[in-house]
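To keep things clear, I will list the structure first and then write my remarks on it.
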Amino acid sequence: MNEATRLWVFAAIFSIASYAVSAGLSLGTAAYAASIFLDPVVNLTLPLLILSVGFQAINKRGGALAIGIITAALFALSFMFFLTITELIAGALTEVSAYFVGYRGLKASTINTAVFGLSEGALSVEIGALFLHYAVPALPLVAFAVAFAALGAFIGYLGESISSYLVRSGIMK
């Protein structure tokens, strides 16, 4: 399998897995109905962990962007257009971050996952609120952004731990 095909196949696998877990968690907890602030918190746990491992499994330029594009397409197919915009932006910002810090290692995993979590969480809250004709005030949005970044960094740490185990055991190259 050539490198470009491998990139898109891995991006599709991790995007679909993350999307499926995200949908299950959102529906199972009814987070989407409870609050526009609770749904991103639920989606920034196990689904983000899957994406964090995916960034490291792909380990190539364009990996984060490919994951963002495929995940955005999945949300578009579900008619959740505010999340489509969010995923495209989060994928692009994470790709820029990965350009500077790489894809593997504790530093790269923590920073990239924090960037993805921050942008996905904060943007989904703001864009979701705007769809409801409500603008989230700056102070709560900043507080949630800090929380999303901290959660993303923690998930990145967990993702790096899982990925390093997979590399050591020979499951992942």
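Derivation of every value follows stated rules applied to the coordinates shown; laboratory data play no part. The structure presented is a predicted model; accordingly, all values stated were derived computationally and were not measured. Note that we place each Cβ from the backbone using ideal geometry, even for glycine, and neighbour counts take in every protein chain shown.
A crude spin-label estimate for the pair residue 150 and residue 77, with each label 7 Å from Cα along the Cβ direction, gives 3.7 nm. As a ratio to 2.2 N^0.38 Å, the alpha-carbon radius of gyration for the chain is 0.98.
Counting only other residues whose beta carbon sits under 15 Å from that of residue 172, what net charge do I get with K and R as +1, D and E as -1?
Details: positive: 6, 60, 104, 168, 173; negative: 160.
Neighbour charge sum, excluding residue 172 itself: +4.
Taking 0.36 nm per residue of separation and subtracting the Cα-Cα distance, full extension of the segment from residue 141 to residue 172 would add 7.4 nm.
Counting only other residues whose beta carbon sits under 13 Å from that of residue 95, what net charge do I get with K and R as +1, D and E as -1?
+1
The long axis of helix 138-168 is offset from the longest Cα principal axis of the chain by roughly 20 degrees. Extension gain, residue 106 to residue 3, is 34.7 nm, computed as 0.36 nm per intervening residue step minus the present C-alpha separation. Working from Cα pairs under 8 Å separated by at least six residues, relative contact order for the chain is 24 percent. Using a simple spin-label model with pseudo-atoms 7 Å out from Cα toward Cβ, residue 132 and residue 13 lie 3.8 nm apart.
FRET efficiency for residue 25 and residue 61, Cβ-Cβ distance as r, R0 = 35 Å, nearest 0.05?
Values: r = 30 Å, r/R0 = 0.87.
For residue 25 and residue 61, the calculated efficiency is 0.70.
Between residue 96 and residue 161, the simple spin-label model (points 7 angstrom out along Cα→Cβ) gives 3.1 nm.
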